[in-house]
1. Would you please give the FRET efficiency between GLU326 and GLU185, computed as 1/(1 + (r/R0)^6) with r the Cβ-Cβ distance and R0 = 35 Å, to the nearest 0.05?
2. As a check on your grasp of the helix formula, calculate [θ] at 222 nm for the chain: sum -39500 (n - 2.57) over DSSP H runs of n ≥ 4, divide by the residue count, round to the nearest 500.
3. Taking K and R as +1 and D and E as -1, what net charge do the other residues with C-beta under 9 Å from the C-beta of LEU53 add up to?
4. Figure the gain on full extension for LYS260 and ARG411 (residue separation times 0.36 nm, minus the Cα-Cα span) and round it to one decimal in nm.
5. Could you tell me how far the Cα centroid of the range 1-73 sits from the Cα centroid of the range 343-406, in Å?
6. For the range 116-158 and the range 228-300, what is the centre-to-centre distance using only Cα atoms, to the nearest Å?
7. Within the set of other residues whose C-beta is less than 15 Å from the C-beta of LEU80, count the net charge using Lys and Arg as +1 and Asp and Glu as -1.
8. Karplus couplings for the range 378-385 from phi (6.51 cos²θ - 1.76 cosθ + 1.60, θ = phi - 60°), rounded to Hz, Gly and Pro as x?
Amino acid sequence: MHLAAFVTAGPGRPGGWRHPGSVPGWLDADYYQNIARTLEHGRFDLAFFPDILSVPNRFGGSTDSQLRYGALGSLRMDPLPIIASMAAATRHLGLAATVSTTYAQPFNLARTFATLDHLTSGRVAWNIVTSFQESEARNFDLDEQFDRATRYERADEFLQVTGKLWDSWDDDALVLDPDEPLFAEPAKVHRIDHQGRFFSVQGPLNVPRPPQGYPVLIQAGASAKGKDFAARWSDVIFCSHASKESAQAFYTEIKERAAKYGRDPESVKILPSITPVVGPTSARAKELAEEMFELVPPIGGLYTLAYHLDVDLSTFPLDERLPEVEVAGVEGHYNEVREITEREGLTLRQLGKQYGGRYEGGFIGTAAEVADGLQEWFEDGAADGFTLQAPHQPGGFETFAREVVPQLQRRGILRTEYTGATLRENLGLSRPGHGEWAERAGVRL
C-alpha cells in the first residue's frame, strides 16, 4: 500500500483551521518541515501540495466569504520553495508540487524540477493541472480561460516538450574529467528544436538528466479527456470517490486505458483521497467527526464546491437540491456530490456543509477500524494506496502516523522501512529510459 499526504500551504478544509488540533503556521518553514518529519516517520511515499493561482470568486463573483471563512484558496503559498525546505529536513520522503501547464513554460518547469530532483537525490514529483478558473486566467493577462479541449491539447504538447528537455542530456553526458579536459560530452547534449502549436523551444536544457529520468508525474483527470491524459502520462493518479464501488469502477477504467496506450497497468498507481477520523473508541471517533463538522459554515463549503465545479452556485435556491449542471471544472467532484445528493436527498445548503466537512471514504473509527476499511479497499481493487487529507493540520497527520500506520504495518501491507533510493523506487516504478517519452508522445489523444 502506498501513502501520499495532501498537504495544503494554507487553510484547506472549511472550518478545519478552527479546530484546536490545527496549528496555523502556514507562513513558517518549520511548520512544513515538522509535517515532513511526521510523514517520513510514518513511511509515507510522498507529501503532495495542491495549488491555486487566485483567490476564487466563483460564488456570486465575490471573494468575501472565501476570505472570511478561510475557504479553499483564501491563502495559498507557492509549493515549490516549500518542498525545497522540506527536502532539507528529510532523507526519503517524496515531495510533489502542483504547477499548471496553462500558466507555465516548459523550459522553466523542466529546469526547476530537474534541479530539485538532483538536489533531493531523486525524490521530486510534479502534480500536473491545467487550471480552469476565470479568476486564474485574469492573473495571467488573459480575458478568459481556454476551453477544456484547448487546455488539454496545450498540456499534451507541454508534456512532450518537457520530456524532450529532460532527455536533451544523455545519462552519461556529464563527464567532469579535469585532465582531458572534458566537462560534458558535446555529442551527448542535444538541441530539441521543438516547433508546435503552443510552444517553440530550441533547447538543450542547462541541467543534466534528472536522477529519476523524469520526476514522478501526478494527475487527477476525471473527465474523459482527463482520464486519457492521466492514463497516458501519469505515474500516480489522485482521485475522489463517494463509495468503494465508484472507486473500483474508476480503478478498472484507468488501468484499462493505460493498457490501451501500451503501458503496464501496474505502472499507474491510483491513490484515492481519504479523510479519516481516528478516536480511541468508535463512539469517540464519531463525536470527533461531528465536532469538526459543526465548525464548517455551509456557505464556506459551497464556496469550495463552486470552485471545484466552476459553477456559480449562488444562482440556485439553497433549500432545494442541486440540479443537473454543465460542469466546466472537476468532473470527479461533480460525480461525487451527485452521488451523495441522490443517496441522501440533500438540499444545496446541506450539501455545502456536507461537502465542506466531508470525510472522504467514510473512514471514521478506531485505528484498527480505519485500517480495516483501508485494507478492504486496497484488497478489493479500489486503490493502490491512498492520499490522506487531514481533517486538520498538522494534528490529523500526526494521529494517522501514530495510530493507523502501525496497524497497517502489522498486517504486512505497508512498509516498515524505505527500501528505495528514489521516489520512483519506493513507488515500485521503473526508471524511464532515455527517450522513453518520445515513444509515448507519438500516441495522439
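FYI, it's all coordinate maths here, none of it is from the lab. Keep in mind it's a predicted model, so treat the numbers as computed, not measured. FYI the Cβ positions are ideal-geometry reconstructions off the backbone, even for glycines, and counts take in every protein chain you see.
1. 0.05
2. -11500 deg cm²/dmol
3. On the way: positive: ARG76; negative: ASP51, GLU136.
The answer is -1.
4. Working it through step by step, the gained length comes to 50.9 nm.
5. Value for the Cα centre distance between the two parts: 16 Å.
6. Rounded to whole Å, the Cα centres lie 22 Å apart.
7. Around LEU80, the charge tally is 0.
8. 4, 7, 9, x, 10, 6, 9, x
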